[in-house]
Amino acid sequence: MAAVVFCGEGGGSVPGAVYANEAEEEKDAQFDGQLYARSAALIDGESGRVLYGKEEDVPRPMASTTKIMTCILALEHMKGDTETAEVSEYAAGQPKVHLGVKKGEQYYLKDLLYSLMLESHNDSAVVIAEHVGGSVEGFAELMNQKAEELGLQNTYFITPNGLDAADDKGIHSTTAKELALMMRYCIIESEKSEAFLEITGAKSHSFQDVSGSRNFTCNNHNAFLAMMEGALSGKTGFTGDAGYCYVGALRRDGKTLIVALLACGWPNNKNYKWSDTRALMEYGLEHYSYRNLWEEPSFSDIPVEKGIPDRNRLSGGATVKIGVEDEPEEWNYLVREDEQAKLSVQCKEQMKAPVAKGEAVGEISLALEGEVIGKWKLVTADSVGRRDFWWCLGQIAKEYIKINQEK
C-alpha cells in the first residue's frame, strides 16, 4: 500500500495559563511541576483524550474516589427505587466515616447511594456491595470486570469504599487517567448516567430506614459543586496511603472536562485538591476549543489490471475511483490552539479485475499530535469488469453489427 499524508491546520503558541492557587501566580500553560498532586489528569469528557497529564499512568491508592464505581455498579444492578438491602455485622463494623447502621436493619438501596456519595460513608458502601455482589469479594469481582470492560488496565479493586487494602494480586489502586475515564463512564457512557448525576449533584438527602424508626440527613461535601460554574459531579477521598484524592467533572461552553487527582497532599493540606482542580479546569476552558479537523481528501483513480477500459473501449487502461465510506461532513474535536492534525491515507496502488463496488482498498486515519483519533475505510466507488477473450469477442461483434447497420 502507498501512504499519503495530508497536514491539517495548526500554528500559533499557547499563552501562559493562570494557576489559580492562593497566590494567583502565573504559570506556564502545561502546569509542568506546578501542581500539588503527584498524579493528575485532565481529560475531554466527550472523547476521553488526555489534555494534560502528570504521572497520569502511575498506579496509586485511590481512597474514596473508589465509590464512583460502587455507585454506578449499584445503579446498573438496581431493579427499582424500592429495592432494599439488609445490614450485616461486617458492614455495621466499618470504620469512620460511617452512617452508623446496625446489624439487621434494612435500608432502601437508593438512599444508601446518597449516603455513599454525599457523606462517603464506609458502612453504606459495604451494605451496597454485599447486597449487589453477595459479598465484598463478589462485588470486587464485579468492579474489576467493569474496569476490564472499560479498558482500564492499571486499576485494581479490593474494597467498595476505598480503604487501603492489598492482596496477592496487588494493592487497591488506579491511575489519574483511568480514574478520570471512570468518571467519564459514570456521567456520559453509562445508561444510568442521569441517576448518577442526580445523586452526586444533590445538596442534601434525608431518609429513614425501612421500618421508619431512624432518620438521617446527608449533606454533600463536594465543595467543587459551588466553586465553579458548570460543575457537574465529583468525589473526594482520603486515606493514609492515598493522601487527598479527587475526581470531578464540569460542563461549560459546550465542553465537558474531567479532572482526577491522586496523592494531592496529606494533612494539613486538605485544600490542595481544590487549587489543583480549579487550575486544570481553567486551563482546559481557556486553552481548548472545538475545531473541525476534517479536510476532504482527494484521490487518484487506481489502475485495474485486466479491467474493462473506461467507456468499454477495446483499448486503453482501466481505472476505478475510490472514496471514503461514511465520510463525515466535519470532525469537531477539542484541541489546543497550537495542536496539529494529520490525515494519513494507506491505499492499494493497483487492483486486479474484476472489482466490485464498495470493495475495501485501504484506510484513512486522522491523528492529533501523533495520536489516532479517527479511522475510515476507503472503498471503490464503482465496479470494473474483467477484460477477457469472451468480453473482447463480444465487443468486436457489437462493433461489426453497428458498422453493418450504418451501411
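The values are calculated or read from the model by the stated rules, or taken from the named source; none is laboratory data. This one's a predicted model, so the numbers in the text were calculated from it and none came from an experiment. With ideal geometry, Cβ positions are generated from the backbone for all residues, glycine too; neighbour counts draw on all protein chains shown. Heads up: the accessible areas ignore ligands, DNA and RNA and are worked out on the full protein's heavy atoms, side chains in. Shrake-Rupley method; radii C 1.70, N 1.55, O 1.52, S 1.80 Å.
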Checklist outcome for this item: Expressed in nanometres to one decimal, the distance between label points 7 Å along Cα→Cβ at E198 and K398 is 6.7 nm
Checklist outcome for this item: Note, region 69-83: 3J(HN,Hα) by Karplus (6.51, -1.76, 1.60, θ = phi - 60°), whole Hz, Gly/Pro = x, goes 6, 4, 5, 5, 5, 4, 4, 6, 9, 5, 9, x, 5, 9, 5
Next on the checklist: I want to check the label-to-label distance for E189 and Y290. Put each point 7 Å from Cα in the C-beta direction and report it in nm to one decimal.
Outcome noted: 2.1 nm
Item to check | Modelled FRET efficiency - R0 25 Å, V97 with E229, Cβ distances, 0.05 increments | outcome: 0.30
Checklist outcome for this item: Counting sequence-distant residues (5 or more places) and residues on other chains, those with an amide H built under 5 Å from that of L293 are W331, N332, Y333
Checklist outcome for this item: Placing +1 on each Lys and Arg Cβ and -1 on each Asp and Glu Cβ in region 228-311, then taking the dipole about the Cα centre, the residue among P267, I302, G230 whose Cα reaches farthest towards the positive end is P267
Checklist outcome for this item: Residues whose built amide H sits under 5 Å from the amide H of R252, excluding neighbours closer than 5 in sequence, are L257
Checklist entry - Ranked highest first by the average count of other Cβ atoms within 10 Å around their residues, in what order do 186-199, 231-244, 318-331 fall? => result 231-244, 186-199, 318-331
Item to check | Backbone HN-Hα couplings from phi across region 35-46 [Karplus 6.51/-1.76/1.60, Hz, Gly and Pro as x] | outcome: 8, 6, 5, 6, 10, 8, 8, 10, 10, 7, x, 6
Item to check | Among the listed pairs K67/K192; K348/K377; K54/K375, those beyond 19 Å (Cα-Cα) | outcome: K54/K375
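In Å², and per residue, what accessible area does the chain have when probed at 1.4 Å with the other protein chains present?
Working: 19500 Å² over 407 residues.
Averaged over the residues of the chain, the accessible area is 48 Å².
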Item to check | Cα gyration tensor, region 44-88 - rounded (a/c under 1.5), prolate or oblate | outcome: oblate
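Could you work out [θ]222 nm for the chain from helices alone, using -39500 (n - 2.57) per DSSP H run of at least four and dividing by all its residues? Round to the nearest 500 deg cm²/dmol.
-7500 deg cm²/dmol
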Item to check | Residue-by-residue Karplus 3J(HN,Hα) for region 132-137, coefficients 6.51, -1.76, 1.60, Hz, glycine and proline x | outcome: 6, x, x, 6, 4, 5
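What FRET efficiency, computed as 1/(1 + (r/R0)^6) with R0 = 22 Å and r the Cβ-Cβ distance, is obtained for E330 and V372, rounded to the nearest 0.05? Walk me through the intermediate numbers first.
Values: r = 18 Å, r/R0 = 0.82.
Here the calculated transfer efficiency is 0.75.
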Checklist entry - At a 1.4 Å probe, what is the % contribution of carbon and sulfur to the accessible area of the chain? => result 45 percent
Checklist entry - Under a 5 Å amide H to amide H cut-off, with H placed in plane at 1.01 Å, what residues pair with T319 once short-range neighbours are removed? => result V304, D310
Checklist entry - How are the C-alpha pair distances of region 211-369 spread across 5 Å bins, as whole percents from the shortest bin up? => result 1, 7, 12, 11, 9, 8, 8, 8, 7, 6, 6, 5, 4, 3, 2, 1, 1, 0, 0
Next on the checklist: Of the listed values (1) 26.3; (2) 21.8; (3) 24.7, identify the label whose number matches Kirkwood radius over Cα pairs in Å calculated from this model.
Outcome noted: (3)
Checklist entry - Once both labels are modelled 7 Å past Cα along the beta-carbon direction, what's the D57-D301 spacing in nm? => result 4.6 nm
Checklist outcome for this item: The rounded separation in angstrom of the Cα centers of region 61-87 and region 202-272 is 16 Å
Checklist entry - Which FRET efficiency value, to the nearest 0.05, do you get for S213 and N268 by plugging their Cβ-Cβ distance into 1/(1 + (r/R0)^6) with R0 = 56 Å? => result 0.90
